[in-house]
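The values are calculated or read from the model by the stated rules, or taken from the named source; none is laboratory data. Keep in mind that this is a model prediction, so the values were computed, not measured. When we count neighbours, we look across all protein chains shown, and the Cβ atoms used for this are built from the backbone with ideal geometry, even at glycine.
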Amino acid sequence: FQPKLLAGRRVLMTAGPTFEALDPVRGLTNLSSGKMGFALARACVQAGAHVTLVSGPVSLPTPQGVTRIDVQSASQMHDAVFGALPGQDVFIGVAAVADYRPSQAAADKIKKSADTLTLELLRNPDILAAVAAQPDAPLCVGFAAESRNLDGYAQGKLQAKKLQLVVGNLVQDSIGRDSNAVVLYDAAGRHPLPPASKDDVAQRIVSHLAGLLK
Ligand code: C5P
């Protein structure tokens, strides 16, 4: 691994899940651990980059040399990303952002009464697509975590969100684990990586990404 692949580059990333509040003690979230995003942040620092990491709620220590901004909801993550965006060379969306949020968060704890309770959900902003749509967008990298048809969905995201690179994995290979088996998708095609630890996979992703930056 060449340590200076990203020397002087500025990298902005998201990682972890988001938490969409329902009331002061409850909310909607997902099983993302943040491990892949934090491994990638470490690999970017090792490659010489200045890294800003916008993280949802995770129980992981901040990697050395990383500027960390903690958020809860997708809306907060969106605002933190856009606040930090000017001057970035690369944006990597690793976070498992909730697609929907409750239409309102109750100020007080919701009490049980009726036998059924219907939640109304609103679509969240797509942070990665919004960044990639900026006129002076940085190089944008997305993740596709799928349970089937990885090639189809990952290549679809590359085009629909106007990304330069998509890292695809099957959720059954990845969620909560320390290892991962991923396939990289870019304009040149499909590049499977051998199964490895999330730290090794992160270094491979950084090498590929540095090649695209040149
Ligand atoms: O469309 P899908 O959610 O599967 O796309 C996943 C990619 O998009 C990931 O890189 C994720 O971080 C990003 N994303 C985002 N904002 C959303 C949804 C997904 O940045 N609201």
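Of the residues A105, A98, only one is within 12 Å of the ligand (Cβ to nearest atom) and part of a loop (DSSP other than H, G, I, E, B); which?
Working: A105 fails: within 12 Å of the ligand (Cβ to nearest atom).
None of the others qualify; the one that does is A98.
Report yes if V90 is under 26 Å from D200 (Cβ atoms), touching a Phe, Trp or Tyr at 6+ places or on another chain (Cβ under 6 Å), modelled with pLDDT of 95 or more and β-branched (V, I, T), otherwise no.
Details: under 26 Å from D200 (Cβ atoms): yes; touching a Phe, Trp or Tyr at 6+ places or on another chain (Cβ under 6 Å): no; modelled with pLDDT of 95 or more: yes; β-branched (V, I, T): yes.
Considered against the rule, which asks whether it is under 26 Å from D200 (Cβ atoms), touching a Phe, Trp or Tyr at 6+ places or on another chain (Cβ under 6 Å), modelled with pLDDT of 95 or more and β-branched (V, I, T), V90 comes out as no.
Take segment 1-36 and flag every residue that is of a type in the set (K, R), at pLDDT 95 or above and either surrounded by fewer than 20 Cβ atoms within 10 Å (Cβ to Cβ) or closer than 13 Å to P102 by Cα (or both). Matches in segment 1-36: R10, R26.
Listed by first and then second residue, the pairs with beta-carbon distance under 7 Å, at least 6 apart or on different chains, first residue in segment 190-214 and under 22 Å from Q155 (Cβ atoms), second among the polar types (S, T, N, Q), are P195/S179; V201/N180; L212/Q164. Scanning segment 108-129 for residues that are surrounded by fewer than 16 Cβ atoms within 10 Å (Cβ to Cβ), of a type in the set (A, V, I, L, M) and either within 16 Å of the ligand (Cβ to nearest atom) or within 20 Å of the chain's Cα centre (by Cα) (or both) returns L121, L122.
Mind listing whichever residues of segment 1-49 are closer than 22 Å to E146 by Cα and assigned to a loop (DSSP other than H, G, I, E, B)? Scanning segment 1-49 gives G16, T18, F19, T29, N30, L31, S32, S33, G34. Residues in segment 131-144 that are within 14 Å of the chain's Cα centre (by Cα) and more than 8 Å from the ligand (Cβ to nearest atom): A132, C140. Applying the criterion of being over 21 Å from H78 (Cα atoms), surrounded by 16 or more Cβ atoms within 10 Å (Cβ to Cβ) and more than 12 Å from the ligand (Cβ to nearest atom) to the residues of segment 145-170, the residue that is farthest from the chain's Cα centre (by Cα) is Q155.
Right, D199: surrounded by 15 or more Cβ atoms within 10 Å (Cβ to Cβ), within 18 Å of L6 (Cβ to Cβ) and at pLDDT below 95 or not? Reasoning before the result, please.
Values: surrounded by 15 or more Cβ atoms within 10 Å (Cβ to Cβ): yes; within 18 Å of L6 (Cβ to Cβ): yes; at pLDDT below 95: yes.
Answer is yes for this residue.
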